[in-house]
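Here is the structure we will look at, set down as structure tokens.
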Amino acid sequence: MFTIQSDCFNPEPVIQAWMDLYHGIAFPCAMHGWLHALATEHQYLLPRPSLVPGPENAALPRAAPDSCFPGPARFSTALRNVLVLGAGPAGMMLAIGWKRKYGERFEVTLLDNRIIQEGIAAPYVRAWPLNLPVSRLSLFLPGATRGLGSTPFVPWTLCELEMHLQAEAKRLGCTILHSAMPSSDLVQQLDPVITFDATGGRLKKPDQLVSSAPLVLTAEDLQKEHGDPDFCMQVGKLAPTIADKLSLAVFENGVGQPCLEGRPLAHWMIKITGIEKNLGLELRSLLLKINQDNWGFLWSTNLMSRDWLGIFHLKEHEYQAIKPMITQPTPIHSVQSLFSTLDPRWAIVLNFLCQHVSPSSRVCLEPPYLWEPRAFLGNIRHWRQADGRWLVPVGDSLFHGHPKVGNGLGVHTVLLGRFLA
Ligand SMILES: Cc1cc2nc3c(=O)[nH]c(=O)nc-3n(C[C@H](O)[C@H](O)[C@H](O)COP(=O)(O)OP(=O)(O)OC[C@H]3O[C@@H](n4cnc5c(N)ncnc54)[C@H](O)[C@@H]3O)c2cc1C
């Protein structure tokens, strides 16, 4: 337990607590995700220049004991501003949790630039399934979780979750500004005691590479990675053979990027959504026969519909070929021919799906996306801006691991829950 004296709010202990939680929980999870990538996807890496190691080694965070987290802080009763840049799930959970914990003592403002025009938010569209136990939301949406008690998982898509969080943030008195105004203008106006970067990593600027650190994996790390045949993954076979080639490039701003033999782990992925449950089981049997390199991954979701989700890898030339044609969720029947010149396994998967679903079905390909993991390796001094203000990353701005092992939103929710409990 620690106390912050009333009239001199010093955010530093709070920020240090956030950093300790991150080191203890999130970094090991992110690393786990990279190990999946190492084992399964190295042949899909982008053709990018290597990040050349520098002379220094970075100190890698390793799991810190829970006791590092100093417990709830007590703040001044004076009204102060907290600014959250980005009103995605992490930003809204932070705003709700902060408001719930500290109430009237802080004015919480969110700024989001996902807009149609100034003042008008773009509708939420990310109909992505979540893999989130209901209990993780109890701090942020206590009313809703009572209603969801019949299932251990949240049966919503990401955009449904965002709608519920937005309503709760407003109910608690948070201000949400939908605007493309520069965040610096708002900082000048509000003079916040702390600003959180919840922009999903979009605020980050390119930075200088300063060093490279070998990422040493313990026997325990490798043992944990036994793969999951249910999801068509066979990680354990591959990981130990290449794990020693993994390193971390560390940038001046403290951000670390995992690399394999000096090349950043980054590649294209594409999703198939809306696969009905029975079809998902059949597709899994089919995929298991052609998935020697863990090319595809099938995930039975916890949505009401019980739809399955497929995530597949694309090589650079495959991404270039399909990117102009798939810019929004697109029914598979209309793109089947596009894939005929790509990895022959696409023909097998798409023929199977097209034979079993009607052209008007919900089975869609989502636009391809770049998976480019990173994690923070610095200390809290990196979050202090040149003008002395604090800009503290949360959610995807802080780290992300790997979608296949669900260590994005799931871990963000655990961290924020612990931070604001
Ligand atoms: C292509 C893709 C597919 C994914 N699929 C899944 C999935 O199926 N299931 C799952 O659980 N997770 C999925 N994830 C991960 C999940 O979406 C993220 O972990 C989660 O959205 C992170 O939340 P966040 O609030 O940190 O960031 P985001 O959700 O990215 O929210 C950031 C917010 O900040 C706003 N913003 C950005 N820049 C600025 C700025 N300069 N000023 C103000 N506002 C700004 C954006 O408009 C946005 O509203 C996926 C991620 C990606 C990229």
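Rule-based calculations on the coordinates, nothing more; no lab input. In this text, all values refer to a predicted model and were calculated from it rather than measured experimentally. Glycine gets a Cβ as well: all are built from the backbone with ideal geometry, and neighbour counts include every protein chain shown.
So for the pair SER340, ARG381, with labels modelled 7 Å out along Cα→Cβ, what separation do we get in nm?
Spacing of the two 7 Å Cα→Cβ label points: 6.1 nm.
Note the full-extension length gain between LEU203 and GLN189 as 0.36 nm times their separation in residues minus their Cα-Cα distance, in nm to one decimal.
Here the answer is 3.1 nm.
Using 0.36 nm per residue of separation minus the Cα-Cα distance, give me the extension gain between CYS159 and ASN253 in nm, one decimal.
Between CYS159 and ASN253, full extension yields an extra 30.7 nm.
Suppose every K and R has +1 on its Cβ and every D and E has -1 on its Cβ; what is the size of the dipole of segment 316-421 about the Cα centre, in Debye to the nearest 20?
My answer is approximately 420 debye.
What residues have an amide H closer than 5 Å to that of GLU276, excluding those fewer than 5 places away on the same chain, when H is modeled at 1.01 Å from N in the peptide plane?
TRP308
Taking the Cα centre of each part, how many Å lie between segment 290-367 and segment 370-395?
35
Under the rule of at least 5 residues apart or a separate chain, name every residue whose amide H is placed under 5 Å from the amide H of TRP128.
Sorted by chain and number, the residues that satisfy this are LEU158, CYS159.
Using amide H atoms built 1.01 Å from N in the peptide plane, name the residues 5+ places from PHE153, or on other chains, whose amide H lies under 5 Å from its own.
VAL134
Would you mind classifying segment 76-182 by shape? Square roots of the alpha carbon gyration tensor eigenvalues, ordered a ≥ b ≥ c; an a/c under 1.5 is rounded, otherwise it is prolate if a/b is larger than b/c and oblate if not.
Oblate is the answer for segment 76-182, as a/c is 1.5 or above yet b/c matches or exceeds a/b.
Step through the residues of segment 348-357 one at a time and calculate ³J(HN,Hα) from phi using the Karplus curve (6.51 cos²θ - 1.76 cosθ + 1.60, θ = phi - 60°), rounding each to whole Hz and writing x for Gly and Pro.
For segment 348-357, the Karplus-derived couplings read 5, 5, 5, 4, 4, 5, 5, 5, 9, 10 Hz, x marking Gly and Pro.
Multiply the residue separation of GLU261 and ALA421 by 0.36 nm, subtract the distance between their alpha-carbon atoms, and state the gained length in nm to one decimal.
Taking 0.36 nm per residue and subtracting the Cα distance, the gain is 53.5 nm.
For each pair in LYS271/LYS323; LYS277/LYS315; LYS205/LYS271; LYS101/LYS170, compute the distance between the two Cα atoms and list the pairs where it is over 21 Å.
Table pairs above 21 Å Cα-Cα are LYS277/LYS315; LYS205/LYS271.
Among 268-278, 22-32, 377-387, 98-108, how do they line up from the highest to the lowest mean number of other beta-carbon atoms within 10 Å?
22-32, 268-278, 98-108, 377-387
Rounded, prolate or oblate: which one fits segment 330-420, using the alpha carbon gyration tensor with axes a ≥ b ≥ c (rounded when a/c is under 1.5, else prolate when a/b beats b/c, else oblate)?
prolate
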